[in-house]
Structures are given as structure tokens and as C-alpha cells.
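Please treat every number below as a calculation from the coordinates, not as lab data. Source: prediction; values computed, not measured. Note that we place each Cβ from the backbone using ideal geometry, even for glycine, and neighbour counts take in every protein chain shown.
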């Protein structure tokens, strides 16, 4: 099961939060009682840890974020691992691509060097200096006021937070990402699909990550890849699975799951249809070739 973070936080009234059309800020004390969980974020995301620790895992890389630390994550699907020794409390900032674009356009005088390089990083550790820490805690204090929260002031503080981040030389890559988003009207299909194909998402969820309706997603996908999303996803997942069979010690069921196939019999069937060998035979043949 993939946890739909935006939907959950918008619908659950129990959180101290400020919700607008293109951003959401909230205080979050993790009530989920599982150690690992896949999470879908259809908006970009900053997390600042008040207490506790959590690991965010993307593309085989793990980012551990503990008390006093912050991380920016692009929209996509992530696996998080949590620790139960200390209560986990975070300040969370969700922002739509449009919110970042509007911020950059409203502040076009920002001295950020623009380049044509495409930024594909998914996660960006944030350097929390004294100024940034003070901003985080001032917003956190306002959120805890509940209905008495000065909403306009919190929004001003949020934009001040973004100023602090993009003007800090430690955040060059993140500032460049903001520039890229400002120059692009829609999220590129390529980045979303290549980053998230191995997760068991429905087509409408891929469409949401791409900022498109389902019909527009299908149309644009066909123009980019010259095939249907379903065919491309199967091929890409099987290619990924074949690589894991050759390079990892995971068992067959684990490899199917990690590649986006939640049904092991279906995985075995379509793998054999493509490679003319079962996953187990494919692995054994490679091991035999290595020792020949």
C-alpha cells in the first residue's frame, strides 16, 4: 500500500495546519505504527525535524534526517523508515510546482545563476543555520496556536523561508531546480516516469505526479514514448527486475516487489513471456555463464 500524503493531510482535521490552493504547512506527529512505508507526494516537500529521526529512501540512496535537520524532496514516491525510540515530530511544508513558479516570478531579481542544466536530483539536504532554524521555530509556534494562527503572517514567513534557502550558497542545486521549474510550464514526463516506474502506482497517480489529467497524460505519454504507458511500464519494470536478478541477493518474490509487481505469479508469467525463461532460470543461467 502506498500512503497518499497530500490527500491524507488535507482530509484529516486533527493536524495543526494552514492549507491554501498551492501549499500546505502542518505540524506532524507520526501516528503510523509501521517501520517502513511507501509514500506518494504529488507536491514538493520540505521537512524540518523537531524531534526524533526518519530515513527517506529514493533511488537506492538513504537520507537520514534527525532533530534540527531539514530536507527538500521533489514530488514522487519514497520509502520512509521510522524509529520508535523517540517521538517523531516534524514541521512539514508542501508546495505545488505553481507555488514555486509564482515565488520565482514575483522575485525575478533574485541573484540566482540560471543554466541550461536539467536538475534530476530528487532530494536536497538543507543547511540549517541559526537564521533558518529561527524561522522554522517561529512558524512552528504559530501553527500551534490553532484557530488563532495569524495566517497571513505564516505565509509571509514561509516565503521568507524560501528566500533564505535559495540565497544560501549551500543550496545551489536546489535554487537551480527552482529556476528549472520556473522555466517549464509542466513537469516533464521523463523525470517522473524514470524516477517512479518501479512503484505500484495507478495510471491516474502517475498523471497526478506529472500535473496532468489522465487523458492528457495518456496523450503526452504516447507523443514522448510512442507506446502506451502500460506497455512502457511493464518493459521498464522487467528490465529493472532482470538487473536485480543479476546483481542482488534478493529472492525472486522480493525482486518482483521491488520492481513494481505486487503479484508474484503475474511477475513470473510476464517475465517468462519476455525473456523465455522464468526469473529463477534467468538467474541460474547467468550464474552458470559466470563460472564457465
Using all C-alpha to C-alpha distances in the stretch 173-280, build P(r) with 5 Å bins and read off the rounded percent in each one.
-> 2, 11, 20, 20, 14, 14, 10, 5, 3, 0
Could you calculate the contour length gain from residue 285 to residue 105, that is, 0.36 nm times the residue separation minus the distance between their Cα atoms, to one decimal place in nm?
-> 59.2 nm
How far apart, in nm, are two points set 7 Å out from the Cα along the Cα-to-Cβ line at residue 89 and at residue 59?
-> 3.4
Using only helices, what value at 222 nm comes out for the chain when you add -39,500 (n - 2.57) per DSSP H run of length 4 or more and divide by the total residues, to the nearest 500 deg cm²/dmol?
-> -14000 deg cm²/dmol
Would you please give the FRET efficiency between residue 226 and residue 7, computed as 1/(1 + (r/R0)^6) with r the Cβ-Cβ distance and R0 = 25 Å, to the nearest 0.05?
-> 0.15
Relative to the chain, whose Cα atoms define the longest principal axis, helix 214-225 and its Cα axis are tilted in degrees, nearest 10, by 60
How far is it, in nm, from the label point at residue 151 to the one at residue 120 when both lie 7 Å from their Cα along the line to the Cβ?
-> 4.1
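What's the extension gain from residue 249 to residue 98 if we count 0.36 nm per residue and subtract their Cα-Cα distance?
On the way: separation 151, 0.36 × 151 = 54.36 nm, distance 4.23 nm.
My answer for the length gained is 50.1 nm.
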Its Cα gyration tensor gives the stretch 117-255 an equivalent ellipsoid whose semi-axes in whole Å, largest first, are 37, 20, 17
Between helix 172-183 and the chain: long-axis angle, C-alpha atoms, 0 to 90°, nearest 10 | 90
Which residue fluctuates the most in the chain, going by a Gaussian network model with Cα springs under 10 Å, if the choices are 274, 159, 29?
-> 274
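Order of 72-82, 165-175, 276-286 by packing, highest average Cβ count within 10 Å first? Write out the running numbers ahead of the final one.
Working: 72-82: 21.1, 165-175: 16.7, 276-286: 15.0.
Put in order of decreasing packing, that is 72-82, 165-175, 276-286.
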Enter the angle in degrees (range 0 to 90, nearest 10) between the Cα long axis of helix 279-290 and the first principal axis of the Cα atoms of the chain, meaning the one along which they spread out most.
-> 80
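At R0 = 30 Å, how high is the FRET efficiency between residue 29 and residue 204 if r is their beta carbon distance? Nearest 0.05 is fine. Working shown, then result.
Working: r = 30 Å, r/R0 = 1.01.
Taking R0 as 30 Å, the efficiency between residue 29 and residue 204 is 0.50.
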